[in-house]
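For reference, the structure is listed below as C-alpha cells.
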C-alpha cells in the first residue's frame, strides 16, 4: 500500500472518529444535566414541595405550591388569549393568505418569533405595569402570549398546508360552504398537528423566566388576584439559585426537577399525538 | 363495471347566503391576522416610545461610550454590547464544529437504529428551560471550568491577554460555553436539513471514483453546503444574542470591557434582567429599554440575514 493510500485511509478514520466524538459531546451535557437534577434535587423532592408555600431560610420544609399554581395560571391566561389569535391567523395565512397583506403578516410573525424573550418582558411591563403601577399576572401572561403566538401561527399554517387540496375540493364539490369546509374538514384533518404545536409552545412558555422577571415579579404567598404579583416555578428556581443559602439551592434543584417534568410530559404527549396519526 | 356518474342536481341559481358567511369568515380570520400584525407593531412602537428620553439625552454616544453609572445618570451600552457579542461569538465558535460534526455523523455514518435516539436527545436539549441551564451552569459547569480548565490555563498561559487576570469562575468563557450547549441543537437540526438537500447521486459519484467517506463529505459539503451551514451559524447566533437567564447566571455581571475571557462580563439581556426592577428614575428605565431596542434591532437583522441565506442559497429547503 502506498503512503498516499494509507494517509487517505487514516484521515478518513480520524475524521469519522471526530464526527462521532462531536455527536457524543453534543449529547453529553443532557445526561450531565439530568443526572445533576436528580442527584441534587432528590433531597428536597418531597410531597410537601408540591403542597406547601415557601418558608424563610433556616425553617425546614416548605415548597413551591404557589409557583406551580402561578405557572399554570399565567400559562393558562397566555394560552386563552394566544390560541384564538394564533390559530385564526394561521387559518387566514394558510387558506386565504396570498396577497401582500398576508406577506406582511407572515413577516411580522417571523420577526416576533425571533425577538428575545426578555424584550417581551419589557412589552408586558410597558403595557401593564407602567399604567397600573403594579406587577401583575396580566403583565406576565401578555409577555408569554407574545412568545406563544408566533410559534402557533407558524405550526397552524404549516399543518393546514399539509392537508391536500383534493380534500378541500372534495368538500366543496359536495356543496359544503367554504367556511364549513375550512373549519370542519381542513382544520379537523390537521387538528393533531395544530394541537402538537400548541402543546410545544405551551412547554416553551411554561419554562420562561426572563419575560416574567419584571412583569409577574414573583410572590412568596398564594396569589390573590390576576392584577397582583404572582409566583411561577421558573422565577422561584432563579431566585433560589442566586441566593446565598444552601437549603435554598436544594429547593432550586427540586423546583427545576418539577419544571422539567412538566416540560417533558408536554413534549412527549405532543410527539405521541403526531406519531399515532402518521 | 363502470359506476354510473352521479347526476348533479340542477339547482336554479347559487345561494347568496353562503357567500356572505364565507365572506364573514374570511374577514374574521383576516381581522385576527391584523391583530397579530398590530401587536408586533405595538411592541416596536412601545420600545421606541419608552427609549426616547434616553435617545434624546445620549444620542449616538449611547452605543460608543462605556460608562454605566445609575447614580450620576450616565448611561452607555458599549460594555453590554461587547459582552453580548463576545459571548455569542464564543458560543458559535464552539457550537458550529460540534453541531455540524454531529449532523454529519447522524446523516452519513450513524447506523439506522441510532439516528432517531440521537436527534431525539438533541431535541430534548433544546426543550430544557434556560433557567435550568443557568442553575446547572452556576453549580456544575462553572466549578468544572474553573478548576479543570481556567486555573491550569491561567497558570501556564496567564501572560496571554485572552487568559489574563484572577480566576473567579463566572466569566465570559463560562457564558460562551453554556450558550454553546444551548444553541448546538438548532445548528444541528438546520445543518441536517442542509445536508439532506445534497443529491444522492453526487455522493455516489465521489465514492464510485474511489473517494473515501471523508473525501466524499469534504467535496460534497464544499460544493453544496457551505452557504447553508453559514445560514445555520447565523441562526444560532440569533439565538445566542438574546439568551437571558443562563447568561445572567454565569457571566459575572460586571460592566467592563476586558479582553480576557476569564474575567466577568455583562450582556445586554442580562443588564435588563438584573436592573429593570431596580430602575429608579425615568432616565434609568429609559436607558434599559433602549438597550432592549438595540438588542431587538440586532437580533432582527441577524435573523433576517439567516432567513435570507437559508431561503436563497439552499435549494430545496423551505424557508422558515
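Where a number appears in this text, it was derived from the coordinates with a stated rule and is not lab data. These numbers come from a predicted model, not from an experiment. Because the Cβ atoms are built from the backbone with ideal geometry, glycine has one as well, and the counts that use them run over all protein chains shown.
One table, with the values for the structure above:
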item: 10 °C / 1.306 mPa s Stokes-Einstein diffusion coefficient of the range A:201-268, Kirkwood radius on C-alpha pairs, µm²/s; result: 126
item: Full-stretch length increase - residue B:209, residue B:24 - with 0.36 nm per residue and alpha-carbon distance subtracted; result: 60.3 nm
item: Residues residue A:273 and residue B:113, FRET efficiency given R0 of 25 Å [Cβ-Cβ distance, rounded to 0.05]; result: 0.55
item: Extent along principal axes [Cα atoms of the protein assembly as shown; Å; largest to smallest]; result: 89, 80, 55
item: Crossing angle, helix B:112-127 versus chain B [Cα axis fit, 0-90 degrees, rounded to tens]; result: 60
item: Values of log10 I(q)/I(0), in the order q = 0.09, 0.10, 0.19 Å⁻¹, for the range A:120-249 under a Debye, Cα-only, solvent-free model; result: -0.42, -0.49, -0.97
item: Principal semi-axes in Å for the range B:78-313 [√(5λ), Cα gyration tensor, largest first]; result: 36, 21, 16
item: Taking chain B and dividing mean pair separation by its residue count, relative contact order in percent (alpha carbons under 8 Å, at least six apart); result: 26
item: Centre separation in Å (Cα based) which lies between the range B:39-96 and the range A:42-110; result: 28
item: Diffusion constant of chain A at 4 °C, which comes from Stokes-Einstein with the Kirkwood Cα-pair radius and 1.567 mPa s, µm²/s; result: 60
item: Chain B: angle of helix B:226-242 to the longest principal axis, Cα-based, in degrees nearest 10; result: 60
item: Angle in degrees between helix B:78-104 and the longest Cα principal axis of chain B, rounded to the nearest 10; result: 50
item: Sorted by Cβ density within 10 Å, fewest first, the residues A:149, A:122, B:144; result: B:144, A:149, A:122
item: Volume in Å³ per residue [convex hull over Cα atoms, computed for the range B:141-248]; result: 146
item: Packing-based exposure ordering (other Cβ within 10 Å, fewest first) of B:35, B:225; result: B:35, B:225
item: Candidates B:310, B:259, B:124, ranked by Gaussian network fluctuation over chain B, Cα under 10 Å, top entry; result: B:124
item: Estimated FRET transfer efficiency (residue B:67, residue B:197; beta-carbon r; R0 56 Å; 0.05); result: 0.70
item: Residue among A:29, A:229, A:56 with the largest mean-square fluctuation in a Gaussian network model of chain A, springs linking Cα atoms under 10 Å; result: A:29
item: For A:135, B:23, A:101, B:163, order by how many other beta-carbon atoms lie within 10 Å, fewest first; result: B:23, A:101, B:163, A:135
item: Inter-probe distance in nm under a simple model that places probes 7 Å from Cα toward Cβ, at residue B:144 and residue A:20; result: 2.2
